[in-house]
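What follows is a short report on a single structure.
The values are calculated or read from the model by the stated rules, or taken from the named source; none is laboratory data. Keep in mind the model is a prediction, meaning the values are calculated, not measured. Backbone-built Cβ (ideal geometry, glycine too); neighbour counts: all protein chains shown. The accessibility values were calculated without ligands, DNA or RNA, using every heavy atom of the protein model including side chains. Shrake-Rupley method; radii C 1.70, N 1.55, O 1.52, S 1.80 Å.
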Amino acid sequence: MGRPEKEFDLAIIGSGIIGAMIGHLAAEGNPGLRVLTMDDGNTGATHLSAGLDVPTGHTPGQRALAARGSAVYARLRAELPALPIRPVDTYWMIDKANLHRLRESMAGPRLTEADAERRDWLAGVLPGLRTADRLLLRSDGGAHADVGRLAGRLLDEQRRRPGSEVRGGSPVTGVRPRDGRYELTHGDEVYAVAGRVAVATGARAPWGPFGDVARARGLRVKKVAALHLGVRPPDDAPVLVFDDHDAFLLPVHEEGYWLLSFTSRHWDLSPGDGPPDLSPEDRATAAGVLDAYVPALAAEVCGGRAFYDGYTPDRMPLVEPVDGWPGVVLALGGNGSGYRLAPAIAERALELLSLDTRKGDRS
């Protein structure tokens, strides 16, 4: 085969929010860097994400990543005001016995108890809301994004930079060394050559380039699920988090419905099997959440969504170099929070690749 016509300084395999963020921050910190992002169109986690950013975490490591993500998104919103990210009020309903755990999970936001007036107001937003014997708290610092559109905007910024590209088509199935650089391949076809490679293939990671490494690190694929509730939320409707059930209600104003995100228990699935459906078990889990908090909404189910994401044993993203492959890093394991953690994942990946992020952007 002849040599590919174009070479790049950095190639990113995967164009979901993590891959798009790696490309964007790399270009910001390294003017003139030639960046290639390979887009195979399989970005279900990004395009179906609820897009909620409330900076919390169950461990110090998770909290540090969440806080960093929120700080970068705040900067991006200020610099690119057309990005589809908007602030949202956030309320929490929780058993009194779990208040300490919730306070400890906060990565910056302040928690304050809602007064009687706020309780009455929220009961008007969500008729039938069961608040008895539960604490109702409010926090600042929340935001909601259309993650698919956001990733698209970041990729558009990359396309406009001289020497950089975003390519669609067949997925990259292999990476192989050549003369101190790396070829990105699909079968016998060479797509491009790059000096550094970031693998951000999401739920497809176990079957993609360096999938054996991802599997050896314990990466597993789980379903992420949500219901759509056909009640139009008021313009000032907040997010309501049911922390004891690992679930939340999010107003999706653009589409005119509430989204109930809950925890699906389906593990070790394969994107190769096609898009997942909501199972009877998923629907029963969601019904249990609604019955516990807002039973009147149980009759308003009008649809739902499900997709796959990669999860790690410790729920920390898998961001590490590949042994024996200098200049290749994995940026995987969104753990259902890929949007929220994408900036911190991207910064760590670029650090491992010895590439700068934007100077002075440290909080």
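Observations
- Hits in the stretch 310-327 - residues which are surrounded by 24 or more Cβ atoms within 10 Å (Cβ to Cβ) and farther than 14 Å from Gly61 by Cα: Gly310
- Among all positions in the stretch 210-217, there is no residue which is touching a helix residue (DSSP H, G or I) at 6+ places or on another chain (Cβ under 8 Å), within 26 Å of Asn335 (Cβ to Cβ), assigned to a strand (DSSP E or B) and open to solvent by 20 Å² or more (accessible area, probe 1.4 Å).
- Out of Thr90, Thr46, Thr56, sole residue that is open to solvent by less than 20 Å² (accessible area, probe 1.4 Å), under 30 Å from Ala205 (Cβ atoms) and polar (S, T, N, Q): Thr46
- Here Asp156, Asp115 are screened, and the one residue that is over 30 Å from Gly44 (Cα atoms) and out of contact with any Pro (no Cβ under 7 Å at 6 or more places or on another chain) is Asp115.
- Residues in the stretch 238-256 that are more than 18 Å from Lys96 (Cα to Cα) and surrounded by fewer than 21 Cβ atoms within 10 Å (Cβ to Cβ): Val252, His253, Glu254, Glu255, Gly256.
- Test: residue in the stretch 327-343 that is among the charged types (D, E, K, R) and farther than 14 Å from Ala198 by Cα: yes
- When Trp207 is tested against (1) open to solvent by 40 Å² or more (accessible area, probe 1.4 Å); (2) touching a residue at least 12 places away in the same chain (Cβ under 8 Å); (3) under 30 Å from Val172 (Cβ atoms); (4) in contact with a Pro (Cβ under 7 Å, 6 or more places away or on another chain), only condition (4) is not met.
- Ala11 vs. criteria modelled with pLDDT of 95 or more, buried (at least 19 other Cβ atoms within 10 Å of the Cβ) and in a helix (DSSP H, G or I): no
- Condition met for His100 (under 21 Å from Phe248 (Cα atoms), touching a Gly at 6+ places or on another chain (Cβ under 7 Å) and open to solvent by 60 Å² or more (accessible area, probe 1.4 Å)): no
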